[in-house]
Amino acid sequence: MASLQSCDKDFSEVGGDIIGDNNLNIDTYQVQNITAYTQPYGALSTKNLPNVPFGSIDNGEFGRTNSSFVTQVLSASTSFDLMKSNAVIDSVYVYIPYYSQYDKVEDEVTYYKLQNVTGDGSFKLEVYENGYYLNNVNPGTGKDISYFSDSAAQFEQYKKETLLNDSNDIKQNSDFSFTKKNIIIYKRDDKGNIIYDEKTNKPTEQERLAPGVWLDLNKDYFKKFVTNKDLFKDQSQFKNFFRGLYFKATGNGSTGTLGLLNIAQGKMVIKYHQEIEETNSEGEKIKKTQRVSLTLPFTKDAIADSGSSFDSHINVSLTTTEGNSRNQQGDKVNGDPLLYIKGSEGNVAVIDLFSANNFEELQALKDKEYLINDAILTVHVDQTSMNKNQIPQRLYLYNYDNGTPVSDFLNDNSANADYTKLVYGGIHQEANEENNIKGNFYKFRITEYIRALLRNKELKSPKLAIAATFNYNDVLLNTVTKGINSKLKTEIPNTPENVTYVPTLSAMYPMGTVVYGTNTSSDKKMTLQIFYTKTKN
């Protein structure tokens, strides 16, 4: 055993407080029977993810990851009521916000801190009309239809030919990146010209939007909405006529970037003008130009305050990998020296505690009846495999056998400005050589989990697993607390039951990292330390 002094620095880094008195000693026990291995899980259902990953990035050992998506565009039964046959499309754009926090204002420009964006490069973005009909239910069986992460080729085959984001601004297509600046929409007059302030001679602002995907689409392509508007009284007819948008992300020679989109607030906006006839106060018929802004949301939540009624929607996240995906099965018996953890159709690191020799070590710990103060699982990043700009901010530790979160996660309400679940952990600790701070590791506090194992009358220990994920936001946390998991295309053999789902947290994070496992002589091998109190002799 090691003394508390030798471990105090590592322990304090996760914020622990140990309470004792003059008659007590605090010691640590390092678990010996721990085996960790890489477990690939393949394609998984990515239908209607609450957040959508998007971008293309060189992901180190995992090759280049491309994350695209398809989304339906919804029309209420009254959306096209105002549109007349003489309507002229002025502009069409899409907007999908990122997750961000206000940062500062410089030169009248508002800047934000982007959340859940990895990499500082760019990628090639292409937007097409989706040609594959998305249906929630199989008409033949009445059962829900799943759409999986490996379906990119299917949507590629059926996409329409016209490139919609054909702006001369390469930042909207061949050189797309995540901007930190706000988006400004200006007021326009009846002729569509920007209105300028008479005193300042500056454009008059109508609305400021937080940073997000903003793309001007080919307005001529959407003339077909005018000529076919009579079909759109029925929402299902509209979704069949216009089957949504396909956002395709690929590399452009840059190292790339990838981020999380708030798809629930995504929308397509069509601005048009038309000639209408009105009666003036003298009873005369006069012609007038009417300008209309029509908003079609990507989900029924996007403009929920509008009073319009929208039916169900579908979006699908699609992942392709160029290069080695590192999805080889690990050594379940001896464990792996390195663990390859990747989201989307990737891998988790499975951790088998205490099961060898018929749970002999677990029984020995039960017999000692220790008063457990803390239990800390530590995993170190393999720096030779991963560039620091590609390392996930967060990893997620959960019960692999049944897919549920551990009690330490559920019971932790700690938070600061940047992170929630601070005590539970899973946060990447960066190294700082100048200040002599060790780093490039993740720590998980699983104190309640270990206490429960020792209290349990049965001699058993469910396997744990580590998955890759973005830093938690409210939507990501809701997927855990509400028990939302993503269905696997092919189940994984496992005891006591086969694994058929993985956390949706991982489904939304198509990137990965490499950490040290248990079958290695490195001083960075995975460890589980138990801190306990005992009475002095």
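The values are calculated or read from the model by the stated rules, or taken from the named source; none is laboratory data. Quick caveat: nothing in here was measured; it's all calculated off a predicted structure. Heads up, the Cβs are rebuilt from the backbone with ideal geometry, glycines too, and the neighbour counts pull from every protein chain shown. Heads up: the accessible areas ignore ligands, DNA and RNA and are worked out on the full protein's heavy atoms, side chains in. Shrake-Rupley method; radii C 1.70, N 1.55, O 1.52, S 1.80 Å.
Which ones in the stretch 442-485 are among the aromatic types (Phe, Trp, Tyr) and either open to solvent by 10 Å² or more (accessible area, probe 1.4 Å) or on the phi > 0 side of the Ramachandran plot (or both)?
Our first condition is that a residue be among the aromatic types (Phe, Trp, Tyr); within the stretch 442-485, this holds for 442, 444, 449, 470, 472.
Within the stretch 442-485, Tyr449, Tyr472 meet the criteria.
Enumerate the strands (runs of 3 or more DSSP E) found wholly within the stretch 23-91, keeping only those where 3 or more residues are in contact with a Phe, Trp or Tyr (Cβ under 7 Å, 6 or more places away or on another chain) and crowded, with 17+ Cβ neighbours inside 10 Å. Talk me through it step by step, then tell me what you get.
On the way: elements: 24-30, 34-40, 52-58, 64-71.
Hits in the stretch 23-91: 24-30, 52-58, 64-71.
Return the only residue of Val333, Val350, Val379, Val316 being on the phi < 0 side of the Ramachandran plot, modelled with pLDDT of 90 or more and open to solvent by 10 Å² or more (accessible area, probe 1.4 Å).
Working: Val350 fails: open to solvent by 10 Å² or more (accessible area, probe 1.4 Å); Val379 fails: open to solvent by 10 Å² or more (accessible area, probe 1.4 Å); Val316 fails: open to solvent by 10 Å² or more (accessible area, probe 1.4 Å).
Answer to the selection: Val333.
Working only within the stretch 359-399, note down all residues that are over 20 Å from Leu454 (Cβ atoms), touching a strand residue (DSSP E or B) at 6+ places or on another chain (Cβ under 6 Å) and part of a loop (DSSP other than H, G, I, E, B).
Within the stretch 359-399, Asp382, Ser385, Met386, Ile391, Pro392 meet the criteria.
Do you know which residues across the stretch 415-462 are among the polar types (S, T, N, Q) and in contact (Cβ under 8 Å) with a residue 60 or more places away in the chain?
Initially, the stretch 415-462 is screened for residues among the polar types (S, T, N, Q), giving 416, 420, 429, 432, 435-436, 440, 447, 456, 461.
Listed by number, the residues that qualify are Gln429, Asn440, Thr447, Ser461.
Looking at Lys199 and the list (1) loosely packed, with under 14 Cβ neighbours inside 10 Å; (2) basic (Lys, Arg); (3) in contact (Cβ under 8 Å) with a residue 40 or more places away in the chain, which single condition is not satisfied?
Lys199 satisfies all of (1) loosely packed, with under 14 Cβ neighbours inside 10 Å; (2) basic (Lys, Arg); (3) in contact (Cβ under 8 Å) with a residue 40 or more places away in the chain except (3).
Within the stretch 92-120, can you find the residues that are over 25 Å from Tyr509 (Cα atoms), β-branched (Val, Ile, Thr) and open to solvent by 20 Å² or more (accessible area, probe 1.4 Å)?
Once the filter is applied, which keeps residues that are over 25 Å from Tyr509 (Cα atoms), β-branched (Val, Ile, Thr) and open to solvent by 20 Å² or more (accessible area, probe 1.4 Å), the stretch 92-120 yields Val105, Val109.
Give the residues of the stretch 252-284 that are in a strand (DSSP E or B), surrounded by fewer than 21 Cβ atoms within 10 Å (Cβ to Cβ) and of a type in the set (A, V, I, L, M, F, W, C), sorted by residue number.
Step one: of the stretch 252-284, the residues in a strand (DSSP E or B) are 256-261, 267-279.
Imposing the further condition that a residue be surrounded by fewer than 21 Cβ atoms within 10 Å (Cβ to Cβ) reduces the set to 267, 269, 271, 273-279.
Val269, Ile276 - these are the residues of the stretch 252-284 that are in a strand (DSSP E or B), surrounded by fewer than 21 Cβ atoms within 10 Å (Cβ to Cβ) and of a type in the set (A, V, I, L, M, F, W, C).
Just to verify a result, which residue in the stretch 137-174, among those that are of a type in the set (A, V, I, L, M) and under 24 Å from the mean Cα position of the chain (by Cα), is least open to solvent (accessible area, probe 1.4 Å)? Spell out how you get there, then give the answer.
Residues of the stretch 137-174 of a type in the set (A, V, I, L, M): 137, 145, 152-153, 163-164, 170.
Next, from what is left, pick out any that are under 24 Å from the mean Cα position of the chain (by Cα): 145, 152-153.
Numbers: Ile145: 45, Ala152: 17, Ala153: 76 Å².
Here the answer is Ala152.
Does Lys287 count as at pLDDT below 95, in contact with a Ser or Thr (Cβ under 8 Å, 6 or more places away or on another chain) and either open to solvent by 70 Å² or more (accessible area, probe 1.4 Å) or not acidic (Asp, Glu) (or both)? Outline the logic, then answer.
Values: at pLDDT below 95: yes; in contact with a Ser or Thr (Cβ under 8 Å, 6 or more places away or on another chain): no; either open to solvent by 70 Å² or more (accessible area, probe 1.4 Å) or not acidic (Asp, Glu) (or both): yes.
Answer is no for this residue.
Do we have any residue at all in the stretch 439-455 that's more than 30 Å from Lys332 (Cα to Cα), among the hydroxyl-bearing types (Ser, Thr, Tyr) and over 19 Å from the mean Cα position of the chain (by Cα)? Explain how you work it out, then say what you get.
Step one: of the stretch 439-455, the residues more than 30 Å from Lys332 (Cα to Cα) are none.
No, the stretch 439-455 has no match at all.
Residues of the stretch 491-537 being closer than 22 Å to Ala431 by Cα and assigned to a strand (DSSP E or B), which ones?
Gly512, Thr513, Val514, Val515, Tyr516, Thr527, Leu528, Gln529, listed by residue number.
With the condition kept exactly as written, say whether any residue in the stretch 415-424 is assigned to a strand (DSSP E or B), in contact with a Lys or Arg (Cβ under 8 Å, 6 or more places away or on another chain) and either surrounded by fewer than 20 Cβ atoms within 10 Å (Cβ to Cβ) or modelled with pLDDT of 95 or more (or both). It would help to see each step written out before you state the result.
Step one: filter the stretch 415-424 for residues assigned to a strand (DSSP E or B), giving 415, 420.
Add one more test, that the residue is in contact with a Lys or Arg (Cβ under 8 Å, 6 or more places away or on another chain), and what stays is 415.
Within this subset, residues satisfying the condition of being either surrounded by fewer than 20 Cβ atoms within 10 Å (Cβ to Cβ) or modelled with pLDDT of 95 or more (or both) are 415.
The answer is yes, given that some residue of the stretch 415-424 is assigned to a strand (DSSP E or B), in contact with a Lys or Arg (Cβ under 8 Å, 6 or more places away or on another chain) and either surrounded by fewer than 20 Cβ atoms within 10 Å (Cβ to Cβ) or modelled with pLDDT of 95 or more (or both).
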